Structures are given as structure tokens and as C-alpha cells.
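Step one of this worksheet: look at the structure below.
The values are calculated or read from the model by the stated rules, or taken from the named source; none is laboratory data. Because the structure is a prediction, the values reported are computed rather than measured. Here the Cβ positions follow ideal geometry from the backbone for every residue, glycine too, while neighbour counts run over all protein chains shown. Please note that ligands, DNA and RNA were not included when accessible areas were found on the heavy atoms of the full protein model with its side chains. Shrake-Rupley method; radii C 1.70, N 1.55, O 1.52, S 1.80 Å.
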Amino acid sequence: MAGSGSDGGSGLGSRGGLGALLRVPVGERVDLAALSTSATPGGPAGKAAGVAAAARMAEPLAALQERLYAAGTAGDRRRLLLVLQGMDTSGKGGTVKHVIGPFNPSGCRVKAFKAPTAEEREHPFLWRVEQALPQPGEIGIFDRSHYEDVLIARVHGLAPRSVLDGRYAEINRFEQSLVDDGVTLVKVFLHIGYEEQRDRLLERLDNPEKHWKFNPGDIEERAAWPAYREAYELALERCSTDAAPWYVVPADRKWYRNWAVATLLREHLEAIDPQYPKGDFDVEECRAHLLAT
């Protein structure tokens, strides 16, 4: 986690890189109030350098995605799932737009989770998540996720506390099963400050082109900020595991947020190290045959 540099467990963060700086240590208490929302741990020196560094990552990220997709066509079951969580205006949608820019859309699966539909409420809370998981060779991106069922559900009392408490273990078992099936989970909490959120909401009010993004209910939700912070702390504490750790990304500076998430994706894709499958044909024979046509 920012400033802590965890060095335990089998996850990517334990082997260095940005992941080591941002990873939530397994089994440790999380105090979000003590973590800066405007810091830039491990980041470039300033906005211009950060934007340039993120731009330079576009080509290697695209190449890694292509290798992952190609490997999937040959039976490699590995894939990656980026989970984005954060307070309103923390930049989940903006992160999706910037981070997936270099990717081939045919190899991506993006899902924004809203309030459950009537059909979804008839199923266990993980059901709708299972329908949106990436297939082998794909990169999946969740804008919100199954964690809403221990976040907003906890803050607004949408389920009994006993039920909510049982969901953390259920989530951990679910995520372990994904990892066992070849999914690399990159769970990112976009950590925005209370004052920064107000500024971003004011920007939406001041710009008619952003009114569609403004919800008057967001103002009332700010009153529940302490409850949301506690709910996030519990989720991060109880569901940061060796198999599927959480990463806390300071999100007040959008340039850093974008660079950090792109860097985490690159580190995890490089750890997967997908390879192009070898052809099961005689190259020279096919070349000669083709030239003869």
C-alpha cells in the first residue's frame, strides 16, 4: 500500500514494481484517512511526465493484449480482470476510457454494474458477475463489481449484517476459484478525497455538457462519506488476499491515476507473459504453395 511496501504473499505486488507500493498487505488493518489521495507513489515527476509515460505504454500494452488473445485461441485459459471501485467521481469511467484505449475492443469485455435489475435480484449476488467474466484470452474491466454488495448494501442496510458479514468469505472463495481457473485479478480502489469530490461535482454542475453525469442524490450520499470509508476499509482488509490483492491508487490527480492503473496492468500482463502459439504447419511448404498460386 502507498508508503508501506508490503513484501509478503505470492501476488505480483510482493515481487516489486508499482504493485509493491500500492498493494494492501494481507491481514493488516486499513486506515484510508491516513493514506493521501493526492500522493503519486512511484510515479513520474509531474503531470507532463506522467501523461507522456502513460502514452509510451500504449504500444507495449497493445502488444501484450494481442499475445494474450492469441494464446487464448490455442487453448491457453489465462485472462485478466481489472476491477475498479471507488467513491462517486473517483474516475472509474475515466480510467476505463484512458486505460483500454490501446486495446483491441474484440479482446476486451467491459461491464459497468448499476443497481441490480429485477432478474438479477432473483439470483445470488455473484450471479450477475459470473455472466460478465472475461473468456480465455480476454481482458475484462469492471466499473464497480460484486463489491457493491458489501459497500452500498452495508451503508444503506440493504441486507442484514449477518448476511453481509458472510459475503466477504464468499467473495474470497469466488475470487480464488477464478484465479485457479486462470484469471489474473487486478483489484483497484481509486482513493479520492472529500474536497476533491466536491470540486468534481461542482465542475459537473458548472458545465451543461456534464449535467448528464450529475445526480442530485450524490450530494446526499456525501453525508454518508464516513460510512462508505468504513465499508471500503472492511472490504480491503477482508478481501485482500495473496491470490487476489487490492491496490489503493491515489486518485485526486487524474494523470497519476491513469498512469498507475496502466502500469499495474502492464506489470500483471508481463507476469502472465503470454506467448504467440506456434503454427502446426510447414511454413516453407505453405510459402511455396502460396507463391505458386
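The alpha carbons of segment 197-261 occupy a box of 45, 29, 16 Å along the principal axes, longest dimension given first.
Geometric descriptor of segment 41-94, per residue, is 126 Å³ (volume of the convex hull of the Cα atoms).
Only alpha carbons enter this Debye calculation for segment 179-293, each as an equal point scatterer, and the log10 of I(q)/I(0) it gives at q = 0.12, 0.24 Å⁻¹ is -0.67, -1.33. Taking the chain as the region of interest, the number of lysine pairs whose Cα atoms are within less than 23 Å, with members eight or more places apart or on different chains, is 25. In the frame of its principal axes, segment 145-238 has Cα extents of 47, 31, 21 Å, reported largest first. In this structure the amide hydrogen of V186, modeled in the peptide plane, comes within under 5 Å of the amide hydrogens of L81, L82, V83, none closer than 5 places in sequence on its chain. The simple Förster model, with R0 at 51 Å and r as the Cβ-Cβ distance, assigns A112 and R287 a FRET efficiency of 0.65.
Of the solvent-accessible surface of the chain, computed with a 1.4 Å probe over protein heavy atoms with every protein chain present, carbon and sulfur atoms account for 52 percent. Between the alpha-carbon centres of segment 70-139 and segment 162-230 there is a gap of 15 Å. Taking all protein chains into account, the per residue accessible area for the chain stands at 49 Å² (1.4 Å probe).
In plain terms, the bigger the Kirkwood radius, the slower the diffusion; for the chain, with that radius from Cα pairs, at 4 °C and 1.567 mPa s, Stokes-Einstein puts D at 64 µm²/s.
The string of couplings for segment 200-214 from the Karplus curve (6.51, -1.76, 1.60, θ = phi - 60°) is 6, 5, 5, 4, 5, 5, 7, 10, x, 6, 10, 4, 5, 8, 8 Hz, one whole number per residue in order, with x for Gly and Pro. With the convex hull drawn around the C-alpha atoms of segment 95-148, the volume per residue stands at 87 Å³.
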